[in-house]
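Visitor: Have a look at the structure that comes next, please.
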Amino acid sequence: MAFPPRPQLPDEGLVFDFFWAFTTIECGMKHAGLHTTRGNSNVIEADWDGFTTELVDYATERSQTFILAARNLQRFRIQRLELIGNIPTWRPVERGRMGEVEFTLYLLRLVRNNLFHGGKYEFGAPAEQVERDTNIIRAALSVLDQCFEHHPRVKVAVERAAAA
């Protein structure tokens with residue numbers, strides 16, 4: 001079987017930068033003790049809920065640089081794929097009762113999921129969608145930078161791992 005031609009995507013270097021920053025933050029979370037286990041196994045996963053709670057505790061919601069990065073990401077009205085009438089349909093995510101940090105980190109994970117779990121560029125995308133996604137990735141990278149700067153335990157864990 002031959003795969004269809006690869007579609008036009010956002011800049012590969014930018015996508016890799018996002019992937020690297022996201023996985024670095026998750027690795028730092030695990031090394032800082034912010035992890036959960038999957039089921040009854042010893043497999044650990046990054047604890048995004050705990051990370052979010054600690055960022056709120058560190059007064060991240062009062063940081064102008066975080067707010068600026070968060071609002072920049074939020075303005076794109078990130079979408080998720082939902083099953084509506086048995087048809088996969090892209091729908092914008094609503095904030096509901098989530099706080100600033102919680103909603104922003106939820107969107108951050110949604111950006112990661114949309115990029116790396118497929119379905120976004122099934123057989124190509126219009127150029128304006130590629131440009132929009134490129135801008136979303138840039139905004140998401142700014143949020144990751146702010147998360148790194150505002151969470152001292154994760155920052156120290158990443159810096160220790162990089163120095164080893």
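Visitor: Among the residues in the stretch 1-16, are any under 16 Å from residue 105 (Cα atoms) and open to solvent by less than 80 Å² (accessible area, probe 1.4 Å)?
Guide: Scanning the stretch 1-16 turns up no residue that is under 16 Å from residue 105 (Cα atoms) and open to solvent by less than 80 Å² (accessible area, probe 1.4 Å).
Visitor: Could you identify the single residue in 60, 23 that is free of Cβ contacts under 8 Å to residues at least 40 places away in the same chain and under 18 Å from the mean Cα position of the chain (by Cα)?
Guide: Numbers: 60 fails: free of Cβ contacts under 8 Å to residues at least 40 places away in the same chain.
Going through 60, 23 in turn, just one is free of Cβ contacts under 8 Å to residues at least 40 places away in the same chain and under 18 Å from the mean Cα position of the chain (by Cα): 23.
Visitor: A follow-up question, please. Going by the structure shown, is residue 76 assigned to a loop (DSSP other than H, G, I, E, B), touching a helix residue (DSSP H, G or I) at 6+ places or on another chain (Cβ under 8 Å) and either open to solvent by less than 30 Å² (accessible area, probe 1.4 Å) or within 26 Å of residue 156 (Cβ to Cβ) (or both)?
Guide: Numbers: assigned to a loop (DSSP other than H, G, I, E, B): yes; touching a helix residue (DSSP H, G or I) at 6+ places or on another chain (Cβ under 8 Å): yes; either open to solvent by less than 30 Å² (accessible area, probe 1.4 Å) or within 26 Å of residue 156 (Cβ to Cβ) (or both): yes.
The answer is yes for residue 76.
Visitor: Return the residue satisfying two criteria in turn: it lies in the stretch 116-164 and is of a type in the set (A, V, I, L, M) and modelled with pLDDT under 85, and of such residues it is surrounded by the fewest Cβ atoms within 10 Å (Cβ to Cβ).
Guide: The residue in question is 164.
Visitor: Same structure, new question: What are the residues in the stretch 80-112 that are out of contact with any strand residue (DSSP E or B) (no Cβ under 8 Å at 6 or more places or on another chain), open to solvent by less than 70 Å² (accessible area, probe 1.4 Å) and either touching a residue at least 60 places away in the same chain (Cβ under 8 Å) or assigned to a helix (DSSP H, G or I) (or both), if any?
Guide: Of everything in the stretch 80-112, those that are out of contact with any strand residue (DSSP E or B) (no Cβ under 8 Å at 6 or more places or on another chain), open to solvent by less than 70 Å² (accessible area, probe 1.4 Å) and either touching a residue at least 60 places away in the same chain (Cβ under 8 Å) or assigned to a helix (DSSP H, G or I) (or both) turn out to be 100, 101, 103, 104, 105, 106, 107, 108, 109, 111, 112.
Visitor: Could you please give the count of residues in the stretch 2-41 that are outside any loop (DSSP other than H, G, I, E, B) and of a type in the set (D, E, K, R)?
Guide: Number satisfying all stated conditions: 4.
Residue-by-condition table, conditions (1) touching a Leu at 6+ places or on another chain (Cβ under 7 Å); (2) more than 17 Å from residue 142 (Cβ to Cβ):
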{"site": "14", "(1), (2)": "no, no"}
{"site": "42", "(1), (2)": "no, yes"}
{"site": "55", "(1), (2)": "no, no"}
{"site": "70", "(1), (2)": "no, no"}
{"site": "74", "(1), (2)": "yes, no"}
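The values are calculated or read from the model by the stated rules, or taken from the named source; none is laboratory data. Being a predicted model, the structure only gives us computed values, none of them experimental. Neighbour counts are summed over all protein chains in view; Cβ atoms, including those assigned to glycine, are modelled from backbone coordinates with ideal geometry. Side chains are part of the model used for accessible areas, which takes the heavy atoms of the whole protein and leaves out ligands, DNA and RNA. Shrake-Rupley method; radii C 1.70, N 1.55, O 1.52, S 1.80 Å.
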